[in-house]
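No value in this document is a laboratory result; all are computed from the given coordinates. All figures in this text were calculated on a predicted structure; none of them were measured in a lab. With ideal geometry, Cβ positions are generated from the backbone for all residues, glycine too; neighbour counts draw on all protein chains shown.
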Amino acid sequence: MAKRLSKDDWIKAGFLALTEAGPKALKAEPLARRLGTTKGSFYWHFDDVPAFQAAMMETWETRAYAEIVTLLDQQGTAVRKLRELAQIAAAGAPEDFGGTAAEPALRAWARENANVAAAVAQVDAKRMAYVKELFDDIGLTNPELTRVLYAAFVGMEELSSHDGITNGPALGTLVDLILALHEADR
C-alpha cells in the first residue's frame with residue numbers, strides 16, 4: 001500500500017523542485033510525477049497552485065525566522081545568539097527542504113513573483129531587526145553592521161548554492177571580527 005502523502009510532503013517536494021528546476025516545476029502535474037502519485041492527492045491538500053505556493057511561503061517564513069529565533073532564544077547572551085545565528089545561516093535549510101540552495105532559489109523566484117518578493121522582503125526585515133536587536137544588546141550601535149552581516153548571510157548562501165563550500169567558518173570569522181572591533185573600541 002502506498003504511503004498517504006501529507007501537506008508537508010508536498011511542500012518539501014515543492015522546495016526540492018524549486019531548487020532543482022525553478023518555479024516552473026511548482027505545478028500539480030510535475031510535482032505529482034516527482035512524488036509518484038496523482039494530481040488528485042495535490043488537490044486534496046491545496047485548492048490550487050497559488051494556494052500551494054502560498055503554503056510553501058508560509059512554511060518558509062516559519063522555518064526561516066520563527067523557528068530560528070525560538071532556537072536562538074535558548075542561547076543566553078546576545079554574543080552566543082549571534083555566533084549561533086551565523087552557524088545556522090551557514091548551514092542553510094535542511095536537505096529535505098532544498099538544502100543550501102533553497103533560499104537562493106526563493107530569491108530568484110522572488111524576482112519574477114510579487115507574492116514571493118513580498119514574503120522574502122518581510123523575512124529579510126524581521127531577520128535584520130533581530131540582528132539589530134542583538135547588536136544593540138551587545139552595545140554595537142553602528143546601523144550599517146546589521147546590513148553588512150545580513151548581506152554576508154545572503155551572499156554566502158548564494159555562493160554555497162553554486163560552489164558547495166560551507167560558509168560556517170567564514171560567517172563565524174565575520175561575527176568574531178565584528179565583536180573584536182567592538183572590544184577594541186572599549
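The Rg/Rh ratio of the stretch 18-94, with both radii computed over alpha carbons and Rh defined as the Kirkwood radius, is 1.15. For the chain, modelled as a GNM whose springs connect Cα atoms under 10 angstrom apart, the maximal fluctuation among T19, T62, T146 occurs at T62.
Which of the residue pairs K7/K39; K24/K126; K3/K24; K7/K27 have a Cα-Cα distance greater than 20 Å in the structure shown?
Working: K7/K39 13 Å; K24/K126 28 Å; K3/K24 26 Å; K7/K27 14 Å.
Listed pairs above 20 Å: K24/K126; K3/K24.
Principal-axis analysis of the Cα atoms of the chain puts helix 114-138 at an angle of about 30° to the longest axis. Counted over all Cα-Cα pairs of the stretch 98-143, pairs farther apart than 16 Å make up 52 percent. Between E144, E157, E61, the residue with the greatest mean-square fluctuation in the GNM of the chain (Cα pairs under 10 Å linked by springs) is E144.
Helix 78-91 and the longest principal axis of the Cα set of the chain meet at an angle near 40°.
The Kirkwood radius of the stretch 5-49, taken over pairs of alpha-carbon atoms, gives through the Stokes-Einstein law at 4 °C and 1.567 mPa s a diffusion coefficient of 128 µm² s⁻¹.
Here the stretch 111-186 is treated as a sphere whose radius is the Kirkwood value from Cα pairs; by Stokes-Einstein at 20 °C and 1.002 mPa s it diffuses with a coefficient of 155 µm²/s. With the convex hull constructed from alpha-carbon coordinates only, the chain shows a mean projected area of 11.5 nm² over all directions. Taking Lys and Arg as +1 and Asp and Glu as -1, the other residues whose beta-carbon sits under 14 Å from that of I165 total -3.
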